[in-house]
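The values are calculated or read from the model by the stated rules, or taken from the named source; none is laboratory data. Worth saying up front: this structure is predicted, and the values here are computed from it rather than measured. Glycine also receives a Cβ, built like all others from the backbone with ideal geometry; neighbour counts cover every protein chain displayed. When the accessible area is computed, the model is the full protein with side chains, heavy atoms only, and any ligands, DNA or RNA have been set aside. Shrake-Rupley method; radii C 1.70, N 1.55, O 1.52, S 1.80 Å.
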Amino acid sequence: MSDYLNAAVEIARESGALLAKLFTQPMEITYKRRSDLVTAADRRSEAMIVERLQRHFPEHGIVAEEGGGHSAPSEYCWYVDPLDGTTNFAHGFPVFCVTLGLACRGEVIAGVVYDPTRDDLYTAERGGGAYLNGRRLQVSRTEKLSECLVATGFPPFATNHDLNIKFYFRFTELSHGIRRCGSAALDLCSVAAGRFDGFWELKLNPWDKAAGSLLVTEAGGHMSDIQGQPFDLLGDDVFASNGLIHDQMLEVFAEIMAQGAK
Ligand code: IPD
Ligand code: CA
Ligand code: CA
């Protein structure tokens, strides 16, 4: 493992342990906006991660969800989600994680996702494969959409006018089913691990998808946007799959978009 990944693993484990401890205590919930929750755990985890990253890599930039990052004149930038799955966490639903991805000139080169409730550590480095607790990951081999389990997510302000409601409806008809687990980073890890055959979401931030996108490609999967354009860490939408069903799912996205369902 590179020094980058080693440091990210150590930091993710430490902040994950903090999240696990706070999960058992009374929650302090505030609202960024209506139905966009933030807890004391998000802020405490982020403060810890940013302090550790600055100590290890003072010359690197950091972009962190709760605003605690800092810019630096460096080609290296860490994307940090100190708690992915805040709504789950706040409701006592044990599906959440901490995730750190390192990009160099916009390309993700290392990533960690740590799920403290299961003690599951997902790691990847560009060209070095994807791993869960040291075991190499491989995407699924499902070839037919009709035999797939897929996943998606919704931003805090989803309405029934959102295009994704239409996708949700159609993929429910066409596949074994859809899961909406509430942590985009863990959803991407589940594509890498072969549990889900595909995952898409329309309005994700770079910290949600930096590490997970690398896990998917290093496990042999494919990343793009929902129109099939190359994956863009700073873009809005994301589509991950095992590669084999990518075109079948792109056709469905295209059909629904062609109906002008925006
Ligand atoms: C959210 C989760 C969720 C996704 C939302 C994200 P947060 O992140 O990843 O699964 O559907 O779009 O905002 O707010 O829990 O860090
Ligand atoms: Ca997130
Ligand atoms: Ca978060």
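What number comes out for the charge environment of THR39, summing +1 per Lys or Arg and -1 per Asp or Glu over other residues with Cβ under 14 Å away?
Net charge around THR39: -4.
Stretch GLU107-ARG195 to full length: gain in nm at 0.36 nm per residue minus the Cα-Cα span?
29.1 nm
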Separation in nanometres of the label points that stand 7 Å from Cα toward Cβ, at THR30 and ARG55: 2.6 nm
Formal net charge of residues neighbouring LEU244 (Cβ-Cβ distance under 13 Å; K, R +1; D, E -1): -2
The stretch 192-234, relative contact order in percent, only Cα pairs under 8 angstrom and at least six apart counted: 41 percent
Extended-chain gain in nm, criterion 0.36 nm per residue less alpha-carbon gap, GLU14 and ASP232: 75.5 nm
Accessible surface of the stretch 3-136, 1.4 Å probe, proportion on carbon and sulfur as whole %: 49 percent
Shape of the stretch 8-142, Cα gyration tensor, a/c cut at 1.5: oblate
Estimated 222 nm signal from helices in the chain, with DSSP H stretches of n ≥ 4 weighted -39500 (n - 2.57), rounded to 500: -11000 deg cm²/dmol
Euclidean distance of C-alpha centroids, the stretch 17-31 and the stretch 142-218, integer Å: 26 Å
Mean separation of Cα contacts under 8 Å (6+ apart) over length of the stretch 188-262, as relative contact order %: 34 percent
Peptides 41-54, 143-156 ordered by average Cβ neighbours within 10 Å, highest first: 41-54, 143-156
